[in-house]
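For reference, the structure is listed below as structure tokens.
The values are calculated or read from the model by the stated rules, or taken from the named source; none is laboratory data. Computed from a prediction, not measured in an experiment: that's the story for all the values here. In this analysis, Cβ positions are derived from the backbone assuming ideal geometry, glycine residues included, and neighbour counts consider all displayed protein chains. What goes into the accessible areas is simple: the full protein's heavy atoms, side chains included, and nothing from ligands, DNA or RNA. Shrake-Rupley method; radii C 1.70, N 1.55, O 1.52, S 1.80 Å.
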Amino acid sequence: QVQIVESGGGLVQPGGSLRLSCAASGIVASTYGAGWYRQAPPNKREWVAGMTTGGSANYKDSVKGRFTISRDHAKNTVYLQMNSLKFEDTAVYYCIFQDYSTTYWGQGIQVTVSS
């Protein structure tokens, strides 16, 4: 059974940092592309960052230079380091693992940026 579990969210002040973790079980995560999405109601879920199996990373323009995606194949885990957080980064963050035929989603974790 595949499980995708995010952790590391919470409440942080503007300008602060958080690191999200996403651990996969039941799959060999290194064979999947990985990424992060977020959703802040009433907005649609939006893509934030992604990393290929080869380690190539891409970012939504609004998070470039502030967020860093990384992965640890040995731990079957992908991370999202978020620095210089802004109010507008408040959302539920979801991680995914995806190959050509299947996408696995985590359950989501809340990140709240507030003073």
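Select from the stretch 1-33 the residues that are within 16 Å of residue 107 (Cβ to Cβ), in a strand (DSSP E or B), open to solvent by less than 60 Å² (accessible area, probe 1.4 Å) and among the aliphatic types (A, V, I, L, M) and list them in ascending order.
4, 20, 23, 24
Within the stretch 69-81, which residues are part of a strand (DSSP E or B) and of a type in the set (A, V, I, L, M)?
69, 78, 80
Among the residues of the stretch 59-68, is there at least one that is aliphatic (A, V, I, L, M), touching a helix residue (DSSP H, G or I) at 6+ places or on another chain (Cβ under 7 Å), at pLDDT 95 or above and not in a loop (DSSP other than H, G, I, E, B)?
no
When you look at residue 100, is it farther than 14 Å from residue 20 by Cα and part of a loop (DSSP other than H, G, I, E, B), yes or no?
Criteria met by residue 100.
Restricting attention to the stretch 75-84, does a residue exist that is exposed (fewer than 15 other Cβ atoms within 10 Å of the Cβ) and over 24 Å from residue 13 (Cβ atoms)?
Yes, that holds for at least one residue.
Only residues that are assigned to a loop (DSSP other than H, G, I, E, B) and exposed (fewer than 14 other Cβ atoms within 10 Å of the Cβ): list them for the stretch 34-51, please.
If the condition is that a residue be assigned to a loop (DSSP other than H, G, I, E, B) and exposed (fewer than 14 other Cβ atoms within 10 Å of the Cβ), then 41, 42, 43, 44 are the ones that fit.
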